[in-house]
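Some notes on the structure that comes next.
The values are calculated or read from the model by the stated rules, or taken from the named source; none is laboratory data. It should be emphasised that the depicted structure is a prediction, and the values quoted were computed from it without experimental measurement. Because the Cβ atoms are built from the backbone with ideal geometry, glycine has one as well, and the counts that use them run over all protein chains shown.
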């Protein structure tokens, strides 16, 4: 397998340089594009050779959330990992609803960033524990679209309910006695059936507020 191609959108030059160095220090990652502004990223987005984008939220001009919302539908195969200092529930939820697949705080250790990039590339939804708790608290499951839920297999329904409880992939795998890769395979099928690209979009459809 070739290296995972990563782009970084970050206005702080020190953080941008650190991310660039961290990614290129890995044997299986390569940072081939860095941008200071979302507008510059969008100009190159359609023709960019990239698998994962590390996207800051607070950028000069267009925000990272607005950028993801504009870009994700055009190339849904590209995964956006929000990397920011913000840890409030509203920004977290807005980022994921815009199309981001994972979310990390800038205070995350280098190894956590590295593992998150690999995880998101493989179909995961990496989040720091602080962010995962915020997302769960921001997403109370009050209603269920039973007509939609009934269209899934029993195992798929179990995974959807586990996601709605905020369980991580490993916790779901342990609870259902299956592998993490099997969880990811089921999730891909669920997303395909729902015609969505993220966990939050799926939960919004099946468990609307």
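The residue that is nearest to residue 125 (Cα to Cα), counting only those in the stretch 189-206 that are outside any helix (DSSP H, G or I) and touching a residue at least 60 places away in the same chain (Cβ under 8 Å), is 198. Can you tell me which of (1) at pLDDT 85 or above; (2) in contact with a strand residue (DSSP E or B) (Cβ under 6 Å, 6 or more places away or on another chain); (3) part of a helix (DSSP H, G or I) is the one residue 131 doesn't meet? Result: residue 131 fails condition (1) only. Close Cβ contacts (under 6 Å, 6 or more residues apart or on different chains) running from residues in the stretch 102-114 that are farther than 21 Å from residue 3 by Cβ to residues that are surrounded by fewer than 17 Cβ atoms within 10 Å (Cβ to Cβ) and modelled with pLDDT of 85 or more are absent. Taking strands (runs of 3 or more DSSP E) as the structural unit, those lying wholly within the stretch 1-116 and holding at least 1 residues that are farther than 28 Å from residue 205 by Cα and in contact with a strand residue (DSSP E or B) (Cβ under 9 Å, 6 or more places away or on another chain) correspond to 4-9, 29-35.
On the given criteria, is residue 70 in the same structural domain as residue 47 (by TED's automatic domain parsing) and more than 20 Å from residue 168 (Cα to Cα)? So residue 70 passes the test. So if I check each of 151, 124, which one is assigned by TED's automatic domain parsing to the domain that holds residue 28, outside any helix (DSSP H, G or I), at pLDDT 80 or above and under 26 Å from residue 76 (Cβ atoms)? When all the criteria are applied, what remains is 124. Of all residues in the stretch 165-179, those satisfying the criterion of being part of a helix (DSSP H, G or I) and over 15 Å from residue 127 (Cβ atoms) are 173, 174, 175, 176.
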